[in-house]
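Before anything else, here's the structure in question.
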Amino acid sequence: MTVLTLGLNHTTAAVDLRGRFAFAVDQLAPALKTLHAQLRGGAQSEAALLSTCNRTELYIATGSWDGTSHQLRHTAIDWLSHTGGVSTDELLRHTYELQGDQAARHAFRVASGLDS
């Protein structure tokens with residue numbers, strides 16, 4: 001299994017841009033449902049969405065990170081840029097992407113408060 005993290009936070013994006021990607025609690029389930037529907041067109045995958053006042057991150061897990069899985073990455077980027085109402089290029093200028101061990105390490109750092 002391979003994990004991809006795509007996110008923006010207080011070190012990569014200004015508050016007005018981060019605000020475009022902040023999800024209220026009642027928005028999380030419908031947003032994930034939409035994302036899952038778009039990801040289903042590719043390989044078997046799972047997704048999680050983390051949204052706080054200082055960060056928004058997508059975590060996508062898939063069996064292997066081959067050519068089909070790279071399509072999942074593009075789908076996730078397109079979905080996030082559309083959701084925030086910004087161009088893909090603008091989004092990518094302010095996001096970070098981590099894969100595999102780096103993505104897992106990052107998730108634990110965020111969950112434990114070491115990256116906050």
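The values are calculated or read from the model by the stated rules, or taken from the named source; none is laboratory data. Here the structure is a predicted model, which means the values were calculated and not measured. Glycine gets a Cβ as well: all are built from the backbone with ideal geometry, and neighbour counts include every protein chain shown. These area figures cover heavy atoms from the full protein model, side chains too; ligands, DNA and RNA do not enter into them. Shrake-Rupley method; radii C 1.70, N 1.55, O 1.52, S 1.80 Å.
Could you estimate the translational diffusion coefficient of the chain from the Stokes-Einstein equation, with Rh from the Kirkwood formula over C-alpha pairs, at 10 °C and 1.306 mPa s, in whole µm²/s? Show your work: numbers first, answer last.
Numbers: Rh = 14.2 Å.
Estimated via Stokes-Einstein, D reaches 112 µm²/s.
Can you compute 3J(HN,Hα) from phi for each residue in segment 111-116, using the Karplus curve 6.51 cos²θ - 1.76 cosθ + 1.60 with θ = phi - 60°, rounded to whole Hz and x for Gly and Pro?
4, 8, x, 6, 10, 9
Using a 1.4 angstrom probe on the protein heavy atoms only, line up Glu46, Glu97, Glu57 by accessible area, largest first.
On the way: Glu46 115, Glu97 65, Glu57 0 Å².
Per-residue accessible area, sorted high to low, gives Glu46, Glu97, Glu57.
Roughly how many percent of the accessible protein surface of the chain is carbon and sulfur, given a 1.4 Å probe and a whole-percent answer? Numbers along the way, then the final one.
On the way: 3390 of 6360 Å².
Carbon and sulfur: 53 percent of the exposed surface of the chain.
Measuring with a 1.4 Å probe in the full set of protein chains, what accessible area per residue, in whole Å², belongs to segment 56-116?
Values: 3200 Å² over 61 residues.
Counting only protein heavy atoms, the per-residue value for segment 56-116 is 53 Å².
Now, a different point. Under a Cβ-only charge scheme (Lys and Arg +1, Asp and Glu -1), can you give me the dipole magnitude of the chain about the Cα centre, in debye to the nearest 20? Walk me through the intermediate numbers first.
On the way: 9 positive and 11 negative charges, 27 e Å.
Magnitude of the dipole: close to 120 debye.
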